[in-house]
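Bear in mind these aren't lab numbers, they're just calculated from the coordinates by the rules spelled out. Worth saying up front: this structure is predicted, and the values here are computed from it rather than measured. So basically every Cβ, Gly included, is an ideal-geometry build from the backbone, and we count neighbours across all protein chains shown.
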Amino acid sequence: MRPTFRRSIAVLMVVAAVAACSAAQTLREEADRREVLVGTAARAYLLTEGRYVTTLARDYNLLEPENELKWEAIHPAPQVFDFLPGDQLVEFGRLHRMKVRGHCLVWGRYVPRWLSDGHYSADQLRQLLHEHISQVVSHYKGKLFAWDVINEAMDENGRLRSSLWYDQPGIGEAGRGTAYIEQAFRWAHEADPEALLFYNEAEGEALNVKSDALYAMVRDFKRRGVPIHGVGLQMHILDLKPDIAGITANIRRLTGLGLQVHITELDVALPVDGEGRPRNAADWQRQAEIYRSVALACFSQPGCTAIQTWGFTDKYSWIRNWTKGNKGSPLLFDREYVPKPAYFAFRDALRSLPLRMRAPLQ
Ligand code: G3I
């Protein structure tokens, strides 16, 4: 097939897909009408790319800075805060009437060198973490509706990971279990009493030893009045085999505590070839069914109030780097921003939910 002919076919496909998107309801329109949040991780440096911006504003009522609010980016040196990239995403959200979610205040990984190599004492780290949480949460007070306060503090067995913040040397709570996590929540709540505060975790989505430990921790926090409002289940699906029944049961027991659940980093990775194209054509449909199932597992339960994907176009997903090129194509839009079968399956799942005929989310 001559290249020009192939190119014109491709153009026609894009036009048809965009028309299909725009003519029918977008994800955002379906989400707004059901008063749920459908969001995505977003990157400030991509706000100059036309199709990135139009897709983000058209299909999502929620965004979360992928990296701009992490220690490395926002607190690059002692006493130095760089709020600009985060502010750009927050302003984009404000202009497009999107909610913005913060990620993340405390994570044992990707800590800036000045901190990890700083040989700080526990007392000094306590002061540094308190100042970081106070400065960052106060800066975004009233602009972010929710925060991932703690990210990935547990290992696969549900035990607390050793980290700078827990016991290496920690903030003076080493060996006292979840005390450092509780302290971070209390500092975040002091800085913005209106923000919803979440514990965010990977690989604790279904029923397993890790999610049992997570459930026990947040149940204890709730009982003792620790200011926690929800749990973030990341939902990185790398094997096309999610345990939907287990995920549903886990969401039910967490929301049964009076907590919200957000699906915070959903992506469904496919085996791909060297060009990033899925190896098996059947995987498109398998991926679509998984997106549909996760949407229903969450939104069919009142306390599960948001689903975010970790990015929205395959062009900028973390997956290919993470899997050394073996997996990819994990999101709802392909590299050319054309909606995939997964997009339509996710939208159909939203459509199957009852309407909550209120005005679109402001
Ligand atoms: O911004 C610097 C750039 O100046 C520098 O030239 C470049 C080369 O090293 O690095 C750039 O920073 C990178 C950053 O992404 C922004 O692109 C960091 O090295 C890189 O480590 C960072 O990776 C992110 C990773 O978290 C660590 O923060 C990924 O993009 C991001 O998708 C990933 O997201 C995490 C969630 O936060 C938590 N859950 C798991 C998820 C996937 O790992």
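Using Cβ contacts closer than 10 Å as the measure, can you line up Leu331, Leu353, Leu214 from fewest to most?
Working: Leu331 27, Leu353 17, Leu214 22.
Fewest to most other Cβ atoms nearby, the residues stand as Leu353, Leu214, Leu331.
Label 7 Å along Cα→Cβ of Ala216; the range 168-194 residues with amide nitrogen under 12 Å?
Of the residues in the range 168-194, 178 have backbone N under 12 Å from the label point off Ala216.
Counting C-alpha atoms alone, how compact is the chain: give Rg to one decimal and Dmax as a whole number, in angstrom.
20.5, 69
Can you give me the angle between helix 179-191 and the longest principal axis of the chain, using Cα atoms only, in degrees from 0 to 90, rounded to the nearest 10?
Computed tilt is about 70 degrees.
Express the relative contact order of the chain as a whole percentage, based on alpha carbon pairs under 8 Å and six or more residues apart in sequence.
Numbers: 670 pairs, mean separation 62.7, N = 362.
Once divided by the residue count of the chain, the mean separation gives 17 percent.
Need the C-alpha centroid separation for the range 122-189 versus the range 334-357, integer Å.
Spelled out, the Cα-based centre of one part sits 36 Å from the other.
Tell me what the chain gives for mean residue ellipticity at 222 nm when only DSSP H runs of n ≥ 4 count, each as -39,500 (n - 2.57), the sum divided by the residue total, rounded to 500 deg cm²/dmol.
On the way: 13 runs with 149 residues, N = 362.
Taking each H run of at least 4 residues, the total per residue is -12500 deg cm²/dmol.
How many percent of the alpha carbon pairs in the range 54-186 exceed a separation of 25 Å?
Numbers: 2549 of 8778 pairs.
In whole percent, the share of Cα-Cα pairs in the range 54-186 beyond 25 Å is 29.
Using the Cα gyration tensor of the range 17-121, with a ≥ b ≥ c the square roots of its eigenvalues, what is the shape: rounded (a/c below 1.5), prolate (a/b larger than b/c) or oblate (neither)?
Values: a/c = 3.18, a/b = 2.51, b/c = 1.27.
Prolate.
Note down the magnitude of the dipole of the chain about its Cα centre, charges +1 on Lys and Arg C-beta and -1 on Asp and Glu C-beta and zero elsewhere, to the nearest 20 debye. Walk me through the numbers before you get to the answer.
Numbers: 45 positive and 43 negative charges, 213 e Å.
Magnitude of the dipole: close to 1020 debye.
Between Gln25 and Glu289, with labels modelled 7 Å along Cα→Cβ, what's the label distance in nm to one decimal, could you check?
For the pair Gln25/Glu289, the computed spacing is 2.5 nm.
Quickly work out the Tyr110-to-Ala245 label distance, labels modelled 7 Å from Cα along the C-beta direction, and quote it in nm with one decimal.
A separation of 3.5 nm, rounded to one decimal place.
Determine the percent antiparallel among the DSSP beta bridges restricted to the chain, to the nearest 5.
Details: 6 of 41 bridges.
Of the beta bridges lying entirely in the chain, close to 15 percent run antiparallel.
Percentage of Cα-Cα pair distances in the range 291-362 greater than 16 Å, rounded to whole percent? Show your work: numbers first, answer last.
Values: 1471 of 2556 pairs.
That fraction is 58 percent.
Among His262, His236, which comes first, then next, by fewest other beta-carbon atoms within 10 Å? Don't skip to the answer; put the middle values down first.
Numbers: His262 27, His236 19.
Placing the least packed residue first, the sequence is His236, His262.
Let me have the relative contact order for the range 222-362, percent, based on Cα pairs under 8 Å that are six or more residues apart. Walk me through the intermediate numbers first.
Details: 239 pairs, mean separation 35.0, N = 141.
Relative contact order of the range 222-362: 25 percent.
With θ set to phi - 60° and the Karplus curve 6.51 cos²θ - 1.76 cosθ + 1.60, what are the ³J(HN,Hα) couplings of the range 297-304 in order, to the nearest whole Hz, using x for Gly and Pro?
Karplus-based 3J(HN,Hα) across the range 297-304 equals 4, 7, 6, 7, 10, x, x, 9 Hz.
In whole Å, largest first, what are the principal axis extents of the Cα atoms in the range 120-184?
Principal extents (Cα only, largest first): 35, 28, 14 Å.
Would you mind checking which residues have amide H under 5 Å from Arg335's amide H? H placed 1.01 Å from N; only 5 or more apart, or other chain.
Amide H neighbours of Arg335, under 5 Å, 5+ apart: Asp314, Lys315.
Using amide H atoms built 1.01 Å from N in the peptide plane, name the residues 5+ places from Leu266, or on other chains, whose amide H lies under 5 Å from its own.
Gln308, Thr309, Trp310
Are there trypsin sites (Lys or Arg not before Pro) in the range 290-362 that DSSP marks as loop and that have at most 16 other Cβ atoms within 10 Å, and which are they?
Working: sites: Arg292, Lys315, Arg320, Lys324, Lys327, Arg335, Arg347, Arg351, Arg356, Arg358; in loops: Lys324, Arg335, Arg356, Arg358.
When the trypsin sites (Lys or Arg not before Pro) of the range 290-362 are filtered for loop state and at most 16 Cβ neighbours within 10 Å, Lys324, Arg335, Arg356, Arg358 remain.
Any chance you could list P(r) for the range 236-320, counting all Cα-Cα pairs in 10 angstrom bins from zero, rounded to whole %?
With 10 Å bins starting at 0, P(r) equals 16, 47, 26, 10, 1.
Which angle between 0 and 90 degrees, to the nearest 10, do you get for helix 3-23 versus the longest principal axis of the chain when only C-alpha atoms count?
60 degrees
At 0.36 nm per residue, minus the direct Cα-Cα distance, what do Arg224 and Ser162 gain on full extension? Give it in nm, one decimal, please.
19.9 nm
Against the longest principal axis of the chain, how steep is helix 341-351, in degrees 0 to 90 to the nearest 10, with axes from Cα atoms?
So the inclination is approximately 70 degrees.
How long are the three semi-axes of the equivalent ellipsoid for the range 167-280, computed from the Cα gyration tensor as the root of 5 times each eigenvalue, in whole Å, largest first?
Numbers: eigenvalues 189, 58, 39 Å².
Ellipsoid half-lengths, sorted descending, are 31, 17, 14 Å.
What are the lysines whose alpha-carbon lies under 22 Å from the alpha-carbon of Lys141, with same-chain residues fewer than 8 places away excluded?
Lys70, Lys99
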